[in-house]
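Undergrad: Have a look at this one before I ask anything.
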């Protein structure tokens, strides 16, 4: 894994930051593709201070030109793209009844969570196919398996679409040495403010009831699974959806 190049979208905060730090600590060159340029720069600086290699590139995954420009910078700078983690998501969603979801919120959810991932895969696929190697990881959600009581049909639909995308891409790209898998995080504390009525205390209480491991998931809990799926050790695993949810769901 040493010296490989990994693009992490939404890598400037929360889950993305934890993944970036974990991968960089293992001598992987990390590209933090993040719309928040200041946040991306902070994480890159944090990695550099620890002796790792990171580059922050301001990227809007909903804009195909922005994604293509980011991928071109990576290709020109490193000559390779080995790993793509589609982690960017729109975190501005509030629980909303289906009849109250606006067209704008529906489109924004799909644009970031689904179309953004598509833009990134489309952009990196030629380099991975040319190299005969690639690891693509899509960050879905365990809510696809167990929807919460609160109404989030826009969010859950987008995360379910990522699972379908994962399976289709695994079938299409497998002959080129590229694996495609999805991670399904459970209820998580990311440190990012979000418009949810559920407090940290309530989330912890629910975890004790709903999960086999009675504590709240943290961003760092996902890093090991992502690293495994990005490694040579997972070379024969593709098209899979792996829940990291403390035993909230099974199957």
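Undergrad: So, residue 149, is that one surrounded by fewer than 17 Cβ atoms within 10 Å (Cβ to Cβ) and outside any loop (DSSP other than H, G, I, E, B) or not? Quick ask: steps written out before the conclusion?
TA: On the way: surrounded by fewer than 17 Cβ atoms within 10 Å (Cβ to Cβ): yes; outside any loop (DSSP other than H, G, I, E, B): no.
So residue 149 does not fit the description; no.
Undergrad: How many residues does the range 11-32 contain that are out of contact with any strand residue (DSSP E or B) (no Cβ under 6 Å at 6 or more places or on another chain) and under 13 Å from residue 219 (Cα atoms)? It would help to see each step written out before you state the result.
TA: So in the range 11-32, the residues out of contact with any strand residue (DSSP E or B) (no Cβ under 6 Å at 6 or more places or on another chain) come out as 13-15, 17-18, 21-22, 25-27.
Filter again for under 13 Å from residue 219 (Cα atoms), leaving 13-15, 17-18, 21-22.
Result for the range 11-32: 7.
Undergrad: Suppose we filter the range 37-57 for residues that are under 18 Å from the mean Cα position of the chain (by Cα) and surrounded by fewer than 16 Cβ atoms within 10 Å (Cβ to Cβ); how many remain? Walk me through how you get there before you give the answer.
TA: First, the residues of the range 37-57 that are under 18 Å from the mean Cα position of the chain (by Cα): 37, 39-40, 43-44, 54-57.
Among the residues that remain, those that are also surrounded by fewer than 16 Cβ atoms within 10 Å (Cβ to Cβ) are: 37.
Residues in the range 37-57 being under 18 Å from the mean Cα position of the chain (by Cα) and surrounded by fewer than 16 Cβ atoms within 10 Å (Cβ to Cβ): 1 in total.
Undergrad: Whether any residue in the range 136-144 is outside any loop (DSSP other than H, G, I, E, B) and surrounded by fewer than 18 Cβ atoms within 10 Å (Cβ to Cβ) is what I want to check.
TA: For the range 136-144, residues outside any loop (DSSP other than H, G, I, E, B) and surrounded by fewer than 18 Cβ atoms within 10 Å (Cβ to Cβ): absent.
Undergrad: Let me ask something else. Give the residue that is surrounded by the most Cβ atoms within 10 Å (Cβ to Cβ), with candidates limited to residues of the range 228-241 that are in contact with a helix residue (DSSP H, G or I) (Cβ under 6 Å, 6 or more places away or on another chain) and touching a residue at least 12 places away in the same chain (Cβ under 8 Å).
TA: First pass over the range 228-241, keeping only residues in contact with a helix residue (DSSP H, G or I) (Cβ under 6 Å, 6 or more places away or on another chain): 228, 234, 238-239, 241.
If we keep only those that are touching a residue at least 12 places away in the same chain (Cβ under 8 Å) as well, we get 234, 238-239, 241.
On the way: 234: 18, 238: 20, 239: 16, 241: 18.
Residue satisfying both the conditions and the ranking: 238.
A quick yes/no check of all residues on (1) under 30 Å from residue 131 (Cα atoms); (2) touching a strand residue (DSSP E or B) at 6+ places or on another chain (Cβ under 8 Å); (3) modelled with pLDDT of 95 or more; (4) outside any helix (DSSP H, G or I):
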site	(1), (2), (3), (4)
164	yes, no, yes, no
169	yes, yes, yes, no
172	yes, no, yes, no
207	no, yes, no, no
213	no, no, no, yes
221	no, yes, no, no
229	yes, yes, yes, no
243	yes, yes, yes, yes
251	no, no, no, yes
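Undergrad: Any residue in the range 108-131 that is at pLDDT 95 or above sitting within a Cβ distance under 6 Å of a residue that is surrounded by fewer than 22 Cβ atoms within 10 Å (Cβ to Cβ) and outside any helix (DSSP H, G or I)? List the pairs, counting only those 6 or more apart or interchain.
TA: 108/90; 109/90; 111/62; 112/62; 112/90; 116/62
The values are calculated or read from the model by the stated rules, or taken from the named source; none is laboratory data. Here the structure is a predicted model, which means the values were calculated and not measured. Quick reminder, even Gly has a Cβ in these numbers, built from the backbone with ideal geometry, and neighbours come from all protein chains shown.
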